[in-house]
């Protein structure tokens, strides 16, 4: 005998922001970014610049498009961030070893020093946030988020690439008669 079919967790009746993992993750990300931006106010780099440097610290050569996708920032803004990091001597643009037509962003030794010198800011902030949780709870949260990320990446890979849009214009709802 097979087990009964699994019922969907969410229904039209029970979906509300504080029960939606999507909303909660987005809200946590927004608040964490605000916290980090405040912590970086007195630093020579912004939180966004720190994220770029850290990404390059663990993946040494990335295109601006890859950085933009990984960080979730539009290409125009990412170009400006990379320009400012390049002017400061933290990154350099160089031809790809795999495709001479492509340009990749690479971390300079000074950029690596800056990233490593600023990482304590995030370590302190994250430790402050997880302080009320047990080590097991933090590890469970990280494990669950990694599983969700993997699932989202599989879904994203199956979808055609969509342009990054800041805001989609709202459409008028159709009336019951089909006219707006």
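The values are calculated or read from the model by the stated rules, or taken from the named source; none is laboratory data. Everything numeric here is computed off the predicted structure, so don't read it as measured data. Cβ coordinates were reconstructed from backbone atoms using ideal geometry, including for glycine residues, and neighbour counts include every protein chain displayed.
The rows are residues; the columns are (1) modelled with pLDDT of 95 or more; (2) buried (at least 16 other Cβ atoms within 10 Å of the Cβ); (3) in contact with a strand residue (DSSP E or B) (Cβ under 8 Å, 6 or more places away or on another chain); (4) on the phi > 0 side of the Ramachandran plot.
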| site | (1), (2), (3), (4) |
| --- | --- |
| 47 | yes, yes, no, no |
| 51 | yes, yes, no, no |
| 59 | no, no, no, no |
| 65 | no, no, no, no |
| 75 | no, no, no, no |
| 79 | no, no, no, no |
| 94 | no, no, yes, no |
| 99 | no, no, no, no |
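The set of residues in segment 12-56 being within 28 Å of residue 117 (Cα to Cα), part of a helix (DSSP H, G or I), touching a residue at least 24 places away in the same chain (Cβ under 8 Å) and over 12 Å from the mean Cα position of the chain (by Cα) consists of 35, 36, 39, 49, 50, 53, 54, 56. Selection within segment 126-148: residues that are farther than 21 Å from residue 35 by Cβ and under 19 Å from the mean Cα position of the chain (by Cα). The member of this set that is surrounded by the most Cβ atoms within 10 Å (Cβ to Cβ) is 148.
Output the residues belonging to segment 89-123 that are touching a residue at least 12 places away in the same chain (Cβ under 8 Å) and out of contact with any helix residue (DSSP H, G or I) (no Cβ under 8 Å at 6 or more places or on another chain). If the condition is that a residue be touching a residue at least 12 places away in the same chain (Cβ under 8 Å) and out of contact with any helix residue (DSSP H, G or I) (no Cβ under 8 Å at 6 or more places or on another chain), then 94, 96, 97, 102, 104, 108, 110 are the ones that fit.
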